[in-house]
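Read the structure below first, then the notes.
The values are calculated or read from the model by the stated rules, or taken from the named source; none is laboratory data. Worth saying up front: this structure is predicted, and the values here are computed from it rather than measured. Cβ coordinates were reconstructed from backbone atoms using ideal geometry, including for glycine residues, and neighbour counts include every protein chain displayed.
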Amino acid sequence: MRNKIKQPINKLKQFFVSNKRRIIRYCGIALIVIGVAILIWPLYTNFIMVRRERAVLSAWDENIMLTQGTATGEESEGGNQDNSEPILEIKVIDPEKKLPFKISIPAIDVEWLVREGTNRATLKQGPGHYTGSALPGEKGTCVVAGHRTTYGAPFNRLDELKKGDEIILETAGNEKFTYIVTDQEAVIPTDLSVLKNTDYPSLVLSTCTPKFYSTRRLIIYARMFENEK
């Protein structure tokens, strides 16, 4: 009985010994392929998300133009017939609550649609508005969070912002609010003091820092331009 068990084990040992170099070579190749895949995956998802977001923003702008044209009674040159391609539908949670809205940061070439919520599924689509925080243009603190290195990396260059840089929030109702950066700091993830409401319209942007880690949060503080109050 023991001999019957030992025979396959011995054959297996002989196979590994006789093919040692080949096995090591194939294992090395497999590890290299896995490593390359791990490095490429974030780049791939970022590329896909950026392309998708461009289409979403284009649809957003077209929908706003269409809404404005309808409100002013404008029609296309062809009369009531609309031969244009279908416009991508943008889900507006509540136009009166200004959700979703577009965020633009000219200094770091950022332009994304901000959706409601900061759960994992929402942030995979782009920046998210912290539920319960103030809305664009309203008194209080409007809080927006976004990824730094994955899923399009909308806030990848947030650390480059300086005092005086503009952050523009634009709603589906064609309202535009300009915020001016006042400060930035890094805090621990459990520090909720950054969410504290202000007695004036303010904005807080949050993302992970340093890049590729989640040990701290980079916080950008901004205040709405006084002429827009």
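Is it the case that some residue within segment 122-138 is among the hydroxyl-bearing types (Ser, Thr, Tyr) and under 14 Å from the mean Cα position of the chain (by Cα)?
Yes, that holds for at least one residue.
Tell me which residues, restricted to segment 121-137, are more than 22 Å from Asp159 (Cα to Cα) and not in a loop (DSSP other than H, G, I, E, B).
Correct list: Ala121, Thr122.
With Phe177, Phe212 as the choices, which residue is over 14 Å from Val143 (Cα atoms), of a type in the set (A, V, I, L, M, F, W, C) and not in a strand (DSSP E or B)?
Exactly one residue qualifies, and that residue is Phe212.
Can you pull out every residue in segment 146-189 that is crowded, with 17+ Cβ neighbours inside 10 Å, of a type in the set (A, V, I, L, M) and touching a Leu at 6+ places or on another chain (Cβ under 7 Å)?
Result: Leu158, Ile167, Val181.
Filter segment 153-167 down to the residues that are in contact with a Lys or Arg (Cβ under 8 Å, 6 or more places away or on another chain) and assigned to a loop (DSSP other than H, G, I, E, B), then identify the one that is farthest from Ile219 (Cα to Cα).
Asn156
Does Thr141 satisfy the condition of being outside any loop (DSSP other than H, G, I, E, B) and out of contact with any helix residue (DSSP H, G or I) (no Cβ under 7 Å at 6 or more places or on another chain)?
Criteria not met by Thr141.
Looking at segment 133-141, is at least one residue hydrophobic (A, V, I, L, M, F, W, C), more than 26 Å from Leu39 (Cβ to Cβ), out of contact with any Phe, Trp or Tyr (no Cβ under 8 Å at 6 or more places or on another chain) and touching a residue at least 60 places away in the same chain (Cβ under 8 Å)?
Checked segment 133-141: at least one residue is hydrophobic (A, V, I, L, M, F, W, C), more than 26 Å from Leu39 (Cβ to Cβ), out of contact with any Phe, Trp or Tyr (no Cβ under 8 Å at 6 or more places or on another chain) and touching a residue at least 60 places away in the same chain (Cβ under 8 Å).
Does segment 136-158 include one or more residues that are farther than 22 Å from Thr209 by Cα, charged (D, E, K, R) and modelled with pLDDT under 90?
No, every residue in segment 136-158 fails to be farther than 22 Å from Thr209 by Cα, charged (D, E, K, R) and modelled with pLDDT under 90.
Can Glu170 be described as closer than 14 Å to Val110 by Cα and in a strand (DSSP E or B)?
yes
Could you grab me the full set of residues in segment 180-209 that are more than 17 Å from Ala145 (Cβ to Cβ) and either in a loop (DSSP other than H, G, I, E, B) or among the small types (Gly, Ala, Ser) (or both)?
Matches in segment 180-209: Thr198, Asp199, Tyr200.
Is one or more of the residues making up segment 20-34 loosely packed, with under 12 Cβ neighbours inside 10 Å, on the phi > 0 side of the Ramachandran plot and modelled with pLDDT of 75 or more?
No.
Filtering segment 110-123 down to residues that are touching a residue at least 12 places away in the same chain (Cβ under 8 Å) and among the charged types (D, E, K, R), which residue is nearest to Met224 (Cα to Cα)?
Here the answer is Glu111.
Out of all the residues in segment 132-145, which are more than 14 Å from Thr171 (Cβ to Cβ) and out of contact with any Ser or Thr (no Cβ under 7 Å at 6 or more places or on another chain)?
Scanning segment 132-145 gives Gly132, Lys139.
Identify, from the list Leu113, Leu205, the residue that is surrounded by 15 or more Cβ atoms within 10 Å (Cβ to Cβ), closer than 23 Å to Arg216 by Cα and either modelled with pLDDT of 95 or more or not basic (Lys, Arg) (or both).
Leu205
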